[in-house]
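Data first, discussion second: the structure below is written as structure tokens.
The values are calculated or read from the model by the stated rules, or taken from the named source; none is laboratory data. Note that the structure is a prediction, hence the values are computed from the model and not measured. Neighbour counts run over all protein chains shown; Cβ positions are idealised from the backbone, glycine included.
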Amino acid sequence: MRSALLVLLTLLVQRVLGFPELHPWAAEVLVPMVWVVGPPLLQHGRQRVYLWLWIGLVWDLLLEDVVGPGGVAWSAATWAVSSVSMVVADRTPRAWMAMGALGTLAFLVMQQVTFLPLGLETGFTWWHLLLRTSLTAAWCGLVGWILALDLPARWRRHRARVLR
Amino acid sequence: MTEAKPPRRTLTVRLLLTWLLLETVAAAQVSRPDGQSVLWSWLQTVARPLLSASLWTADVGEDLMWGIRDHRRLVEDVRRMRRELELSRTRNLLLREDIEALREAVAERPLAELDAGSLTARCTFRNLSRGRMQVDAGLAQGVRQDSAALASGGLVGRVRRRSESHSWVEMITHPAAAVAVRTLDGQVEGLAVGSGTETLQIQFIPRWAPVVRGEVLVTSGADGIYPPGITVARVVSVRERDDPFLEISAVPAVNLSAVRAVILLPQWAPYAAESSGP
């Protein structure tokens, strides 16, 4: 339940990032990608591809004009990340960045593939692909770096020193 | 309690199927510039060849069925026409025989004065052992009681019973039949009586009469039934007995077994009782 609320909150944040008052590049970050990259890298059990089908549908409801391609794209991203993470032992922030980039690529490719037979204009450009992949990878790397900092442990150590 | 993990291949297949479903759902929401749903256009693209193939198959099947039905109908028609052809041939043969018989009968009309009022009738039934014959002329055609019946060669008999469309002729071979006869020269007269067989018994011929085998006998008209001069029989045997009369046997001049048509002489019945019904 908490995970669902967090994912929903992330989607709302993604919606807010698309506000016209913000920078145009802000909406290029796929904020929910951290929930795709995080579980397999943190050894939190197997990825739930089907769960991301539903999350993708909610994504479509909030951010797209057609419901369906988001489910395909997000589940494809989840499937790709979980498959690669099983054969990669690296769990550093660099791995977070790489997995974020991989998930974003899978997401964008599958989204274009699903849009193609529908005849929808997506305005796809390589620059757009590069920008979105880079920003999302950076976002995932940032989350991974923060997690690697282990702030609660640092805080506990800091408190122990102060109390001593 | 951990959930059993599905095989990766199964997961992939399920995922692909789910993606296909989602793509279909998305296609249902998107419209083409002409207002047609993308999903509908997909379905048309997929269904059109199938529909065309189905229609073609249906057309071919229908044509085939019609062809088979027409073939059966043609076969039945050919069979029916063959039967009708055979029937027509048979009728043609019968008619040809009738025409020949009628020609013969007409050619054998003995007396020109009898032509007026004579009837031509076709034999529809005969019983030689009983000496009876049915012809297809009756009251409607003006047949009278005791009208003489002639055929190719001579006398056949006389009408004994009539109905509206048919008449029964009593042949001269009937045991009750009797015809007044004479020789061609008219010197000898007698009575030809039926015997129920193929021969006639000529009675009341005196012993002195010069009747020989092969003599032709004709009607004398003395009985008031048959007009005179019609060929009746030909003598086949003459025997003398103790009686004052000769015992003479004769065969009818007409081959009664081959009669197919007769000429009735209703005008020649001077003593016939017209009031007596059929």
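If you scan the stretch A:10-46, which residues turn out to be surrounded by 12 or more Cβ atoms within 10 Å (Cβ to Cβ) and among the acidic types (Asp, Glu)?
Answer for the stretch A:10-46, where residues must be surrounded by 12 or more Cβ atoms within 10 Å (Cβ to Cβ) and among the acidic types (Asp, Glu): just A:GLU28.
Of all residues in the stretch B:112-133, which are among the polar types (S, T, N, Q) and at pLDDT 80 or above?
First, pick out the residues of the stretch B:112-133 that are among the polar types (S, T, N, Q): B:118, B:120, B:124, B:127, B:129.
Once the filter is applied, which keeps residues that are among the polar types (S, T, N, Q) and at pLDDT 80 or above, the stretch B:112-133 yields B:SER118, B:THR120, B:THR124, B:ASN127.
Among the residues of the stretch A:95-142, which ones are in a helix (DSSP H, G or I), within 14 Å of chain B (Cβ to nearest Cβ) and either in contact with a strand residue (DSSP E or B) (Cβ under 8 Å, 6 or more places away or on another chain) or β-branched (Val, Ile, Thr) (or both)? Outline the logic, then answer.
The first filter runs over the stretch A:95-142 and keeps only residues in a helix (DSSP H, G or I), leaving A:95-118, A:126-142.
Narrowing further to those that are within 14 Å of chain B (Cβ to nearest Cβ): A:106-107, A:109-118.
A:VAL109, A:VAL113, A:THR114 - these are the residues of the stretch A:95-142 that are in a helix (DSSP H, G or I), within 14 Å of chain B (Cβ to nearest Cβ) and either in contact with a strand residue (DSSP E or B) (Cβ under 8 Å, 6 or more places away or on another chain) or β-branched (Val, Ile, Thr) (or both).
Quick check, is B:VAL78 at pLDDT 80 or above and within 14 Å of chain A (Cβ to nearest Cβ)?
Here the answer is no, as B:VAL78 does not meet what is asked.
Only one residue in A:ASP60, A:ASP65 is exposed (fewer than 14 other Cβ atoms within 10 Å of the Cβ) and among the acidic types (Asp, Glu), so which one is that?
Exactly one of A:ASP60, A:ASP65 is exposed (fewer than 14 other Cβ atoms within 10 Å of the Cβ) and among the acidic types (Asp, Glu), namely A:ASP65.
If a residue must be facing chain A (nearest Cβ under 8 Å) and of a type in the set (S, T, N, Q), how many such residues does the stretch B:25-44 contain?
Of the residues in the stretch B:25-44, 1 are facing chain A (nearest Cβ under 8 Å) and of a type in the set (S, T, N, Q).
May I ask you to say which residue of B:ARG241, B:ARG213, B:ARG234 is farther than 23 Å from B:ASN127 by Cβ, modelled with pLDDT under 85 and over 32 Å from the mean Cα position of the chain (by Cα)? Write out each step before concluding.
On the way: B:ARG213 fails: modelled with pLDDT under 85; B:ARG234 fails: modelled with pLDDT under 85.
Result of the check over B:ARG241, B:ARG213, B:ARG234: B:ARG241.
Could you list, in sequence order, all residues of the stretch B:25-64 that are assigned to a loop (DSSP other than H, G, I, E, B) and charged (D, E, K, R)?
Filtering the stretch B:25-64 down to residues assigned to a loop (DSSP other than H, G, I, E, B) leaves B:30, B:32-36.
Correct list: B:ARG32, B:ASP34.
Looking at A:VAL84, A:VAL58, A:VAL88, which one is more than 12 Å from every other protein chain (Cβ to nearest Cβ) and at pLDDT below 85?
Step by step, each of A:VAL84, A:VAL58, A:VAL88 is checked, and only A:VAL88 is more than 12 Å from every other protein chain (Cβ to nearest Cβ) and at pLDDT below 85.
Mind counting the residues in the stretch B:171-210 that are within 34 Å of the chain's Cα centre (by Cα) and of a type in the set (D, E, K, R)?
Of the residues in that region, 1 qualify.
Restricting attention to the stretch B:5-24, and to residues there that are over 22 Å from A:ASP60 (Cβ atoms), at the interface with chain A (Cβ under 9 Å from one of its Cβ atoms) and assigned to a helix (DSSP H, G or I), which single residue is modelled with the lowest pLDDT?
Filtering the stretch B:5-24 for residues over 22 Å from A:ASP60 (Cβ atoms) gives B:5-13.
Still in the list and also at the interface with chain A (Cβ under 9 Å from one of its Cβ atoms): B:5, B:8, B:11-12.
Right, trim to assigned to a helix (DSSP H, G or I) and you get B:8, B:11-12.
On the way: B:ARG8: 67, B:LEU11: 78, B:THR12: 82.
Among those residues, the one meeting the criterion is B:ARG8.
Only one of A:THR78, A:THR92, A:THR104 is crowded, with 20+ Cβ neighbours inside 10 Å and farther than 18 Å from A:ALA27 by Cα. Can you tell me which? Can you show your working first?
Working: A:THR92 fails: crowded, with 20+ Cβ neighbours inside 10 Å; A:THR104 fails: farther than 18 Å from A:ALA27 by Cα.
Only one candidate passes the filter, namely A:THR78.
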